[in-house]
Amino acid sequence: MTEVRLVEVTKRFGEVVAVDHVSVTIKHGEFFTFLGPSGCGKTTTLRIIAGLEFPDEGSVFFDEEDVTMKRAYERKAAMVFQNYALWPHMSVFDNVAYGLKLKKLPPEEIKKKVEWALELVGLKGMEDRYPTQLSGGQQQRVALARAIVVEPRVLLLDEPLSNLDAKLRLKMREELKTLQMKLGITAIYVTHDQEEAMSLSDRIAVMNAGKIMQVGTPKEVYESPRNLFVATFIGKSTAVMGKADEIAGDRATITTPDGFKLRGRVAVGYKLSRGEEAVAIIRPEDFELEPPRVDHNVIEGVIEISMFLGPYNRLKVRTGKQVISAYVDPDISFKQGDRVKLYIPVDDVILFPAKGWEYIAYEAVA
Amino acid sequence: MSEYKGGKSHKIKKKSSLSRRLRFTLDPFTITMIIIPVLLFTLFLVIPLGYVLISPALVAVQAGYSPISAVTSSDIIGTNLLVDPITVTTGQKIGLFPGMKYTLPSDGYILANGQRINLVKGTVIEWEDGTPYAVFPNGTRIELPQDLRSVTIPYRSPFTGEEAALITIHGIKFEGALLNSLIVAATVTAIAVILGLLVGFVFARYNFYGKTFFRILAIIPLLMVPFANAIVVRRLFAQDGPISYFVNAVLGLPYLIDVTGIAGVVLTQVITFFPIVYLNVFSSMMLIDPTLEEQAENLGARGFKLFRTVTLPLSLPGLLSGAAIVFIFSLEDLGGPIVFQEHNLLSYKIFEKISNAIKGGASAEAGLLAIPDAAIYSAIILAIALTVFVSIKKYLSLRQYAMMTKGGRWTPRARMLGLKGHLIVYLLLLPFLLFAAAPQIGVLILGFSHRWVGPSPEGFPTAENFAKIATDPALYKGVINSLVYSFSAVLIIILLGFTAAYVVARVKLPGIGVLDVLATSPLAIPGIAIATGYFLMFSQPFLRGTPLYIYVNPAVALVISYAVRRSPFTTRAIYAGLLQTHPTYEEAAMNLGASKSRTLFTILLPLIGISVLSGALISFVYSMSETSTSITIGLANEDQRPLVAVMYDQFTKVEAYQIVGAMGVILIAIQLTSIVIITMVLKQRYAFIGV
C-alpha cells in the first residue's frame, strides 16, 4: 500500500496549461477519483502519476519517495488503459504473465499467480484466447488482471469503463469496487462520469481547466460544494439569481428579481454582503410541493413542461425571467400552464456570490 | 529521498521544463536510438555531401585553379547549338572532280536544270574534252551538264529498298552540358506533370470497364530496369527499328524515323518517370474530401473550372513532390545518356570523369585532385537538387507520407464513364499506357531473344541468355554480388530506418524534425552526388590497405551507398506502422516494469514486424537496381562489380544487348516477386520509388 502525493504539479502542452499547480494527497488503500469534464487535465494528472509524462513543475511522491523523474518502469504503478491496450500478439495468459516474467519469477509461480488473477476477474479458463476473441467486458477484465497480478503499489485506472455498454458498465463498476476493497490497494481512477465517481470513490477530486476545484468524499462534494463549478457539475442543480439582503452568520436571504425570498446557507469559504448579486443552487429533488406557512423559500411559477420519469415528475417552471427545474412527487399530475408553488428547505439552498457565474452558467446541468 | 513531510513550508524548486524534458526523455535507450541514425546519416550523407558542396572552394585552394572557369567554360554553359534539332536526310552527295572516272557503287541520280537523271548502279561517269558523260552498264551513253560536280546516292529503306527520307530527331542540344541537363530535366518534368496529372485524374475520378487492368498497366513503367529500358526505347525508335518499319513498310510512307541523342534521353525519361507523378497525384486526389468538390459544384463550379479552382490546388502536394522527384531523377539519370551516347549532359560528364579515375587505378592524385571538375559539377547538381528538396520538403516528410498513405476515410468521388468517355479512354489512354509499358515489355522480349538488331527480335523465345549468365562467372558474379550487397545494405537500412522512424514517431523533443528531413532527403539527393562524395572520402591515400579503400574495395562503399539511398522506403514503412500502433501498447508494458528496450523487442517489434519486413523488401529491390553509384564506383574491382555495373559493361564493351535484357528480366522478376509478397502475403502497401 502506498500513499501518493502530488505537490504543485504543473504540466503545459505548448501554450495550454493542462495541469495547473495540483496538490493532493491520496491515502493508503484509498479509492480516489479525478472527476471532471473532458480536457480538464485529469488524464494528464494520472499519466504523470504513472510516469508516462513528467510534470514541468512540482513533484510526485510515492510514500516518502520522490518519483517525479522516475520513469514508468521504475514506479510499480500499474495502469488500466481506456482502450485496454491488450497486446494482440499475445494470449490472455501471456498478457497477464508479462509483468511477472519481467520479475523473473519461476514458471510455476507465474502460472499460479496468473490463474489467481484470472479467477479474481472471473476469466478462468480463458488463458489461451487472444484479445480479439474476447468481448469488450472480457478485455476489460484481462486488462485489470494484468495490472493487479504484479501487485503494484498503486492501481491507476483511466476511464476503464467508458468503452463498455451501459448495463455492463454498472456490473463492472460493482466488481471493481469489490475487488479494490478485497485487495486493499490504493486505486486512482479517472472519469468524466460523476455517477461512476460517486459510487466508486472514497474521495473525489473535481477538476476543471487543470485545477482541482474541490477534494472530498462523494457526500461532501455533493452536499457542500465549495464553488459554483462543483455545485453545478456534481449532480443536477438549478440556479436562481438574486440580491443578498439579510445576512446572519452562515445564513443569508436573497431576493429574486421576481420578488421571491430565498433563505439558505452561504457556501463554505464564501461571504456575502448586503446588496451583492448572489446565486442560489438548489438540487431539483429538494423542491417540495406543499409549502409550509412561511414567507420565504416559496417560489411560484407557471409549468412550461412536465415529464413523467418514473420515480418522479420533472417540472420546468417559469418564474418571471428565470426557469427552474424540479423533481416532484409523480403521483400528482400537472399540465402545461398550471400554476405551482414550490418550497425549498433552508438547508437545501446553497448561496454563492454571483461573481464568475456567467462563465459557469452554460455548463450547468439542470 | 525527499525531505517532504507535508505542510506549507515545503518549497518547490522551479526547474526549467526543458531540462526536465531532457532528463525524463533522454534515457540511455532513447539516446542510442537518436545517436544511431544521426551518426550514420552524418558519416555517410552529411559529411560526403558537405565535402561535395565545398569542393569548388577546395579545388581553388588545392589545385590552384578557378572553379568559376570550370563552371563558366563553354562546354558547361555554352549556348551554341551543336546539331539541328531535326534533320531530314534524303541522300548522300558524292563529289566529282572533272576529268576523273567514276563507277557508281549503287543507284543514284543527278539534277540537271531541275530535272532528275537517274543513274543505275555500275554507271560510269567520265569526262571527254571537258564534257561529262554517263555510260550505263548496258552501253548507253548520254551527255551530262557541264557544271556537274556531284552525284546523289538516295537514302533507301532497309525494309523495302525504296527511296526514303530519314528523319532524325536529335532534340535541342547546346554546347553547354549544364544547360542541356536543365533543359532536359525541365522538359521531362513538364511532360511528366501533364501526363501524370491526366492519368491520375482519370483514375481518381472516373470508373470504367477494365480499370484494374489499366492501373496495373500504368505501374509497369515503374519496374526499374536500368540500361535495358533505354536500350529498348532506342531499338524501338532506331532507323531500322519497329516504329520505322511500321511507318515505312506497313503504312507505305517514304519515311524512316530515328530518335537519338537528347531526344532519346527525354523520351526514355518521360516514359520511365511519369508514373511517379501519376501515383502521387492519384494519392493526393483520393485524399480530397469529396464534400469539398461537391460544395464547389453546388456553388456553380463545373468541369475545368472545378478542376482548376478546387481539385488541382488540393492535389498540389502530390503534384509538387512528384514533379520535384522527376526533376531530380532526370538531372542525375545515367542510363539514358549512356545508351543514347549523349555525353553532353552534366550527369554523364561527372560519371565519365569519376569512372575514368577509378578505372585508372589509384594514382598519386587521390581524392579531390583526381576529379576536380567532376566534384565541381557534382556540387552544382547537388545544389540544384537541395534547393528543389528544401522547397518541397514538407510534402516529402514522413508525416506527410503517413497521411497520404492512410486514405480511405471516405468513398472517393468516382463517376462511371459513359460511352464517349469509354471511347476516349480506350482510344487514347490505352495506347499511351501500352506505349509507356513498352520498355519493360521490350526488356522481356529482348532477354528471351537471341539478338535484336532489326525491326523484330531474332530467335525469340530462347533461354540461352540466362544459360550464359548462369555459366559465365563474369556475369553471374554480378548477380551474386548485388544480392549480397543489397542484403547487407538492408541490414543497415533496418537499423537506420527503425531508429530514425522510432525517434520521429515517438520521441518528443525539439529538433527531432531535423531527423525527419535527414531520413527523407536521400529520395531527392542525386546518386551521382553521393558517388562523388564517397569517391572523395574513400579514395584518400590514408585508407590504403583498409576495407574502405575504394580502388580496391568498392564493395563497402557500394553497400553503404545502397543503404543510405534506399533507406527512406523502410523508414517510411516503419513510420507508418508506428503511427498505426497505439503508444498505449508500449506504455502498458512500461507500466508493468518493462524497460524501453525490453518493450521494443517484446511488444513493438512483434506488432510492426510486417511493416519492417515490407519496407526492407522494397529497399532490397531498389538496392538491386541502384544505378548511379553502382556504375561509378562499382567499376573499380572486376570481382566486386554489382549487377548493374555488369549490365553497363555488357552494353558498352561487347554490345551484348540481349544479356543486358536478360539481366533486366532478372530484376523485373525480383521486383514482381516482392510486389506479390508485400501486397498478398504481408498485406501492406508497396511504396514505389518516389511515392
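The values are calculated or read from the model by the stated rules, or taken from the named source; none is laboratory data. What you are looking at is a predicted structure, and each value in this text was computed from that prediction instead of being measured. Here the Cβ positions follow ideal geometry from the backbone for every residue, glycine too, while neighbour counts run over all protein chains shown.
The sole residue among B:Pro37, B:Pro56 that is within 30 Å of B:Thr520 (Cα to Cα), at pLDDT below 95 and not acidic (Asp, Glu) is B:Pro56. In the range A:28-35 there is no residue that is among the hydrophobic types (A, V, I, L, M, F, W, C), modelled with pLDDT of 90 or more and in contact with a Pro (Cβ under 6 Å, 6 or more places away or on another chain).
Rundown of residues vs (1) within 12 Å of chain A (Cβ to nearest Cβ); (2) in contact (Cβ under 8 Å) with a residue 24 or more places away in the chain; (3) surrounded by fewer than 24 Cβ atoms within 10 Å (Cβ to Cβ); (4) touching a Phe, Trp or Tyr at 6+ places or on another chain (Cβ under 9 Å), yes/no style:
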| position | (1), (2), (3), (4) |
| --- | --- |
| B:Leu515 | no, yes, yes, yes |
| B:Thr520 | no, yes, no, yes |
| B:Thr532 | no, yes, no, yes |
| B:Leu548 | no, no, yes, yes |
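Restricted to the range B:35-57, and to residues there that are among the β-branched types (Val, Ile, Thr) and surrounded by fewer than 17 Cβ atoms within 10 Å (Cβ to Cβ), the residue that is nearest to the chain's Cα centre (by Cα) is B:Val46.
Just the residues that are within 14 Å of another protein chain (Cβ to nearest Cβ) and within 18 Å of B:Ile494 (Cα to Cα), please, taken from the range B:555-580. Listed by number, the list holds a single entry, B:Gly577.
Consider the range B:130-161 and keep the residues that are assigned to a loop (DSSP other than H, G, I, E, B) and hydroxyl-bearing (Ser, Thr, Tyr). The one that is farthest from the chain's Cα centre (by Cα) is B:Thr140. The number of residues in the range B:581-602 that are of a type in the set (S, T, N, Q), more than 7 Å from chain A (Cβ to nearest Cβ) and free of Cβ contacts under 8 Å to residues at least 24 places away in the same chain comes to 2. Listed by position, the strands (runs of 3 or more DSSP E) contained in the range A:243-354 that have at least 2 residues being among the β-branched types (Val, Ile, Thr) are A:251-255, A:277-282, A:298-308, A:313-319, A:322-328, A:349-353.
Answer yes if at least one residue in the range B:617-631 is at pLDDT 90 or above, outside any helix (DSSP H, G or I) and within 14 Å of chain A (Cβ to nearest Cβ), and no otherwise. No - not one qualifying residue is present in the range B:617-631. Considering the range B:264-333, the qualifying helices (runs of 4 or more DSSP H), each wholly inside and each with 3 or more residues that are out of contact with any helix residue (DSSP H, G or I) (no Cβ under 9 Å at 6 or more places or on another chain), run over B:290-298. Hey, any hits in the range B:564-582 for a residue that's more than 21 Å from B:Ala357 (Cα to Cα) and outside any helix (DSSP H, G or I)? Yes: one or more hits.
With respect to the stated conditions, B:Val654 fails to be buried (at least 20 other Cβ atoms within 10 Å of the Cβ) and either over 16 Å from B:Ile480 (Cα atoms) or not aromatic (Phe, Trp, Tyr) (or both). Listed by position, the strands (runs of 3 or more DSSP E) enclosed by the range B:50-129 that each have at least 2 residues that are touching a residue at least 60 places away in the same chain (Cβ under 8 Å) are B:81-83, B:86-89, B:91-95. A single member of B:Leu536, B:Leu518, B:Leu491, B:Leu558 is farther than 30 Å from B:Ile376 by Cβ and either modelled with pLDDT of 95 or more or in a helix (DSSP H, G or I) (or both), and it is B:Leu491. Among the conditions (1) in contact with a His (Cβ under 7 Å, 6 or more places away or on another chain); (2) surrounded by 20 or more Cβ atoms within 10 Å (Cβ to Cβ), the only one that B:Leu617 does not satisfy is (1). With respect to the conditions (1) over 21 Å from B:Phe340 (Cα atoms); (2) assigned to a helix (DSSP H, G or I); (3) touching a helix residue (DSSP H, G or I) at 6+ places or on another chain (Cβ under 7 Å), B:Ile610 falls short on a single one, namely (3).
Restricting attention to the range A:294-311, does a residue exist that is buried (at least 16 other Cβ atoms within 10 Å of the Cβ), under 31 Å from the mean Cα position of the chain (by Cα), over 18 Å from A:Arg339 (Cα atoms) and in contact (Cβ under 8 Å) with a residue 12 or more places away in the chain? Scanning the range A:294-311, I find no residue that is buried (at least 16 other Cβ atoms within 10 Å of the Cβ), under 31 Å from the mean Cα position of the chain (by Cα), over 18 Å from A:Arg339 (Cα atoms) and in contact (Cβ under 8 Å) with a residue 12 or more places away in the chain, so the answer is no.
Of the residues making up the range B:539-555, those that are part of a loop (DSSP other than H, G, I, E, B) and out of contact with any Gly (no Cβ under 7 Å at 6 or more places or on another chain) are B:Arg544, B:Gly545, B:Thr546, B:Pro547, B:Leu548, B:Tyr549, B:Ile550, B:Val552, B:Asn553. Taking strands (runs of 3 or more DSSP E) that do not extend beyond the range A:1-109, which have at least 2 residues that are β-branched (Val, Ile, Thr) and within 10 Å of chain B (Cβ to nearest Cβ)? Output list reads A:4-13.
Only residues that are closer than 23 Å to A:Thr44 by Cα and either modelled with pLDDT under 90 or among the basic types (Lys, Arg) (or both) were counted in the range A:178-192, giving 0. Looking at the range A:123-241, the helices (runs of 4 or more DSSP H) lying wholly inside it that each contain 1 or more residues that are under 26 Å from B:Ala594 (Cβ atoms) and charged (D, E, K, R) sit at A:136-148.
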